[in-house]
Amino acid sequence: RVSATSHAGLKAEVTAEFTIDASAPTTGHVTFGYAGAAGTTCVANATLGCSWGGAADDLSGLAALEWAVGTEAGSDDLLPFEAAPVGRGGASRPAPAGLAADAVVYCALRATNGAGLSATAVSAGAPRTHACGVPTESCAA
């Protein structure tokens, strides 16, 4: 409850309830590989993609969801963190030039809640040749 009195002697009171969110959001899961929207195919070794789901924050809500790809768990040295597409469970971007076909890569999904707290989920490492979530020979060239 807050009370205030002006120099003229006018008084006002306001009562409000506040909830403090001191917990990070739930990141759900993230995996390496994303084939795209229904009816599309991936391009073998030309893209790196990630799939995700389950990120949430019941208290202050999700303010941001970002994804990245790196050569170590949690890193973004190949594809820096960028906003995740709204309403989609994954995305892909062009692979960096010179990345070896057998390079092991990791997807990272960072969720940030309305209180500014964040958490990051990381996929298991996977060879880049599985850029579509399936072996390269199964992808459309």
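Quick look at the values:
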quantity	calculated
Potential lengthening between Ala22 and Ala63 on full extension [0.36 nm per residue; Cα-Cα distance subtracted]	13.3 nm
Gained length - Thr5 relative to Val104, 0.36 nm times residue gap less alpha-carbon distance	29.1 nm
Label-to-label distance, nm, for residues given as Glu82 and Ala124 (7 Å Cα→Cβ offset)	2.8 nm
Segment Thr71-Glu13, extension gain: residue separation times 0.36 nm, minus the distance between their alpha carbons	15.2 nm
Global geometry of region 67-106, whether rounded, prolate or oblate, following the gyration tensor of its Cα atoms and the 1.5 cut on a/c	prolate
Two-site label geometry, Ala97 and Ala46: point separation in nm, points 7 Å out along Cα→Cβ	1.6 nm
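Each value in this text was obtained by applying a stated rule to the coordinates, not by laboratory testing. Keep in mind the model is a prediction, meaning the values are calculated, not measured. Cβ atoms come from the backbone with ideal geometry, glycine included; neighbour counts cover every protein chain shown.
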